[in-house]
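Notes follow the structure.
The values are calculated or read from the model by the stated rules, or taken from the named source; none is laboratory data. Quick caveat: nothing in here was measured; it's all calculated off a predicted structure. As a convention, Cβ positions derive from the backbone with ideal geometry for all residues, glycine included, and neighbour counts pool all protein chains shown. Keep in mind that these areas ignore ligands, DNA and RNA; they rest on the heavy atoms of the full protein, side chains included. Shrake-Rupley method; radii C 1.70, N 1.55, O 1.52, S 1.80 Å.
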Amino acid sequence: MKDKNALVLFSGGQDSTTCLFWAMKNFDQVETFCFSYGQRHAAEVEVARSLAEKLKLPFHLRDLSVLASLSDNALTNSAMAMDSVLPPSGHINTFVPGRNMIFLSLAAVLARSLGILDIIIGVSQTDFSGYPDCRDTFIRSLNVTLNLAMEEQFIIHTPLMWLNKAQTWQLANDLGALDIVRNETLTCYNGIKGDGCGHCPSCKLRNEGLRQFLNETMR
């Protein structure tokens, strides 16, 4: 995949940062695309900007605050208590309907204007918190739709699709990015960098994966 350019959907969290380093290994030029959409952990935007500047990569930021007004969920409504476990039916209330569909659609528009066909997103069907827009079938379907909509040959890459969180930590380590991913990213829904608050759904998933990874490496 060398001699190609890539656009990474970049939030400044564990998954997207790991994908960013994966992209830097596999593509000649990489650009980043971030969204502000009324998320309670809005501090992730400045973390993403800082990391992009540190790595000397172009950083594109767009305001999508309208997304917060279209549905009621715990990720854009800070007054709503977050589910700590998957409910017996329906989706965990941190699910933002349409988020990845909109992000990827806008990424394709920007990518086209930049002459880029390769788009990278850090979704995973293995550890996806019950979000339907993180599934492989959705990504494949949207990839076809975007190609038809713009008569282009976009390729949506999902390096983490079949990895659990422990394996994602292992990938970050293999890419030489473990310290940055662990200490300089923001995955916590309460906006705390590094290991986070330890209580929100995102922290629980991240920290359990880290524990498993560290246990494996110490064997």
**Message:** Kindly evaluate Gly122 against the criterion of being surrounded by fewer than 19 Cβ atoms within 10 Å (Cβ to Cβ) and small (Gly, Ala, Ser).
**Reply:** no
**Positions within the stretch 79-119 being surrounded by 14 or more Cβ atoms within 10 Å (Cβ to Cβ) and hydroxyl-bearing (Ser, Thr, Tyr), in sequence order** = Thr94, Ser105
**Complete:** Of (1) part of a loop (DSSP other than H, G, I, E, B); (2) in contact with a Cys (Cβ under 7 Å, 6 or more places away or on another chain); (3) open to solvent by less than 20 Å² (accessible area, probe 1.4 Å); (4) not small (Gly, Ala, Ser), Met161 satisfies every one except (2)
**strands (runs of 3 or more DSSP E) (entirely within the stretch 1-98) containing at least 2 residues that are of a type in the set (D, E, K, R)** = 59-63
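Conditions tested, residue by residue: (1) closer than 14 Å to Met101 by Cα; (2) hydrophobic (A, V, I, L, M, F, W, C); (3) part of a helix (DSSP H, G or I).
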position: Ser141; (1), (2), (3): yes, no, yes
position: Leu146; (1), (2), (3): yes, yes, yes
position: Glu152; (1), (2), (3): no, no, no
position: Ile156; (1), (2), (3): yes, yes, no
position: Ala166; (1), (2), (3): no, yes, yes
position: Cys188; (1), (2), (3): no, yes, no
**Asked** Has the stretch 105-122 got any residue that is in contact with a strand residue (DSSP E or B) (Cβ under 9 Å, 6 or more places away or on another chain), part of a loop (DSSP other than H, G, I, E, B), under 25 Å from Thr145 (Cβ atoms) and not hydrophobic (A, V, I, L, M, F, W, C)?
**Response** yes
**Request:** Scan (1) touching a His at 6+ places or on another chain (Cβ under 6 Å); (2) closer than 15 Å to Ile180 by Cβ for the single condition Phe33 breaks and write down its number.
**Result:** (2)
**Prompt:** For the stretch 73-112, how many residues meet the condition of being more than 22 Å from Cys188 (Cβ to Cβ) and β-branched (Val, Ile, Thr)?
**Reply:** 2
**Asked** Looking at Gly130, is it crowded, with 21+ Cβ neighbours inside 10 Å, within 21 Å of Pro201 (Cβ to Cβ) and in contact (Cβ under 8 Å) with a residue 40 or more places away in the chain?
**Response** no
**Complete:** Filtering the stretch 30-75 for residues that are open to solvent by less than 50 Å² (accessible area, probe 1.4 Å) and in contact with a Phe, Trp or Tyr (Cβ under 7 Å, 6 or more places away or on another chain) leaves a count of 13
**Item:** the stretch 186-200 - residue that is touching a residue at least 24 places away in the same chain (Cβ under 8 Å) and open to solvent by less than 20 Å² (accessible area, probe 1.4 Å) and, of those, nearest to Ser129 (Cα to Cα)
**Value:** Cys200
**Asked** Would the stretch 7-24 turn up any residue that is open to solvent by 20 Å² or more (accessible area, probe 1.4 Å), more than 14 Å from the chain's Cα centre (by Cα) and without any contact (Cβ under 8 Å) to a residue 12 or more places away in the chain?
**Response** no
